[in-house]
Amino acid sequence: MGQSASAAAIPSRRENNHRHRSKSKATALISPMLAADEVVESVTDYISDLPDECLACIFQSLGSGDRKRCSLVCRRWLTVEGQSRHRLSLNAHADLQPVILSLFSRFDAVTKLALKCDRRATSIGDEALALISLRCRNLTRLKLRACRELTDAGMLAFAKNCKALKKLSCGSCTFGAKGMNAVLENCSALEELSVKRLRGIGPDGSAVEPIGPGVAASSLKTICLKELYNGQCFGPLIIGAKNLRTLKLFRCGGDWDKLLQVIAERVTSMVEIHLEKLQVSDVALAAISNCLDLEILHLVKTPDCTNVGLISVSERCKLLRKLHIDGWKSNRVGDEGLISVAKSCPNLQELVLIGVNPTKASLETLAANCPNLERLALCGSDTVGDPELLCIAAKCGALKKLCIKSCPVSDVGLEGLASGCPNMVKVKVKKCRLVTPEGADSLRAKRPTLAVNLDTGEPPQDASASDGGAQDNPAVEFLPLATQPVFPDIASSSTGRSASFKSRLSLLSGRTLVACTLRRWVSRNS
């Protein structure tokens, strides 16, 4: 009976070992590049029962690194991950061309593509872009950065193959007006166009052909031009874009007053306008006032714009929600223009003033007439002190976010925020020298739910010798040697010295005489 019992126990152990081996085979499912038909049939693989569409949805919820790792699990995951990837960003160096066919055979569903090249490297050329356009005919977004080898011919070939393009962004490229016109004449669904430092459009305006309007003019909703020598050659495109909603002009040369007059007469549907470092005056602002649906206006470093132009905009553009003004310390925009905005634009939600000097009068008017003002930033304003900050705290009941930078406010004004602005969630104070960390801590203690961010603009204090050492501070006083504290016995090797001795020695290292005296004193005690 004992033998039969032991004999019965042997198969049970074998069965357990067999089960263990069977379970270990399940790890083959996560082995790199393992084909699905190589999996042992006795192992239950629930993931393989998932449809490809479900697996693709899982991949789309992962980050870029996790997606790459998942693609190495097996051939099926590699295929599904490639076919479900819609965004792709590539280093557009010249050596990309030989792998374009194989690369886009795997990623055959890409609709958003970014081609970025190092400015010091040689980028892809026309042939490579044409190959990409043949493999990605459903492309809707394209971003080109520093692709200096692309010419007008390459852009023409691309535009003919990718007519479904909706967004084009190009920066530091060398193709010119012909290449841009090729896109505008073939891509009838184009909605957003962003152009920055287009090298093919040089400073000689007479040599540049007009750009636009093309078939894309009717679909364009956003145009952004940055750092162009002759950005005015885009005038026909902007004038022809009847459905344009957003116009952004940054650091483009030339006088824009006359062109903006024509644009505002023809295109009245704009709701957002950005003008930065642009040669415009009150003439342009008077023209912009024709856009009665205007909601967002940014005037950044346009010194020829004054209160007169701002008043003309505010009196007609009553739907204004966001207003950003960088006065550049020109003092040409102030209380008069801001009071007009407060009285005419009751929907104002965000106001950013940089280098503008508002006073208590304009701030009170804004608080009384703009009940929806939620975000306020005052930067580099010499007239914004404690009385103005206390006025904001007492009367801006809807304010949620406040930023004060380089203004003569102190802890007294900051204290007023403890009981004012009941809806405020964040306060940022930067480079206001009269505000101390103690004042910020006091505000945090009184309003624990308020996020207070204080940046004094001063470098952090460091306990190194450069801050308190003898070299930087010649007035440091030293105790006479007779009154120096007695150190313990110190070995001649530096490894045996105490930390206190090292710190004292580093503090006195600037004085040669004292250092020599210490060395003699140490050697004598040793």
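The values are calculated or read from the model by the stated rules, or taken from the named source; none is laboratory data. Predicted model, so just to flag it, every value in this text is computed and none were measured. Counting neighbours? That spans all protein chains shown, and the Cβs are built from the backbone with ideal geometry, glycine included. These accessible areas exclude ligands, DNA and RNA; they are computed on the full protein's heavy atoms, side chains included. Shrake-Rupley method; radii C 1.70, N 1.55, O 1.52, S 1.80 Å.
Neighbours of Leu129 by Cβ distance under 14 Å: Lys/Arg scored +1, Asp/Glu scored -1, total +3. Do any of Lys160/Lys248; Lys400/Lys428; Lys116/Lys160; Lys248/Lys322 go past 18 Å between their Cα atoms, and which? Violating the 18 Å Cα-Cα cut-off are Lys160/Lys248; Lys116/Lys160. Peptide packing: for 380-386, 318-324, the average count of neighbouring Cβ atoms within 10 Å per residue gives the ranking 380-386, 318-324, highest mean first. Met270 exposes around 10 Å² of accessible area when a 1.4 Å probe is run over every protein chain in place. Sorting the segments 97-106, 133-142 by their residues' average number of neighbouring beta-carbon atoms within 10 angstrom, most packed first, yields 133-142, 97-106.
Would you work out if segment 104-189 is rounded, prolate or oblate? Take a ≥ b ≥ c from the square roots of the eigenvalues of the alpha-carbon gyration tensor; rounded if a/c is under 1.5, else prolate when a/b is larger than b/c, oblate otherwise. Oblate, since a/c reaches 1.5 and b/c is not below a/b. When the residues Tyr229, Tyr46 are ordered by accessible surface, computed with a 1.4 Å probe over the protein chains alone, the sequence from largest down reads Tyr46, Tyr229. The residues neighbouring Glu191, those whose beta-carbon lies less than 12 Å from its own, together hold a net charge of +4 under the Lys/Arg +1, Asp/Glu -1 convention. Per-residue Karplus couplings for segment 233-239, computed as 6.51 cos²θ - 1.76 cosθ + 1.60 with θ equal to phi - 60°, are listed in order as 5, 7, x, x, 5, 5, 5 Hz, Gly and Pro entered as x. Distances between placed amide hydrogens fall under 5 Å for Cys403 paired with Leu376, Ala377, Leu378, Lys428, all partners being 5 or more residues away or on another chain. Accessible area of Glu185 (1.4 Å probe, protein heavy atoms only, ligands and nucleic acids ignored): about 110 Å².
Could you work out how far the C-alpha centroid of segment 335-377 sits from that of segment 101-159, in angstrom? Cα centres, segment 335-377 to segment 101-159: 47 Å. 3J(HN,Hα) couplings calculated from phi for segment 376-384 with the Karplus curve 6.51 cos²θ - 1.76 cosθ + 1.60 (θ = phi - 60°) are, in sequence order, 9, 10, 10, 10, x, 9, 6, 9, 9 Hz; Gly and Pro show x. FRET efficiency for the Ala164 to Glu438 pair, using the beta carbon distance and R₀ = 41 Å, is estimated at 0.10. For Asn331 and Gln279, FRET efficiency with R0 = 22 Å and r from the beta-carbon atoms, rounded to 0.05? Computed FRET efficiency for Gln279 and Asn331: 0.70. Phi-derived couplings, Karplus 6.51 cos²θ - 1.76 cosθ + 1.60 at θ = phi - 60°, listed residue by residue for segment 263-272: 4, 5, 6, 8, 10, 10, 8, 5, 10, 9 Hz, with x used for Gly and Pro. Between Thr449 and Ser64, the distance separating the two model label sites (each 7 Å from Cα on the Cα→Cβ line) works out to 3.9 nm.
Residues whose amide H comes within less than 5 Å of that of Leu139, counting only those at least five positions distant or on another chain, are absent (H built at 1.01 Å from N in the peptide plane).
Taking 0.36 nm per residue of sequence separation and subtracting the Cα-Cα distance, how much length would be gained by fully extending the chain between Ala394 and Lys343, in nm to one decimal?
Separation in residues times 0.36 nm, less the Cα-Cα distance, equals 16.4 nm.
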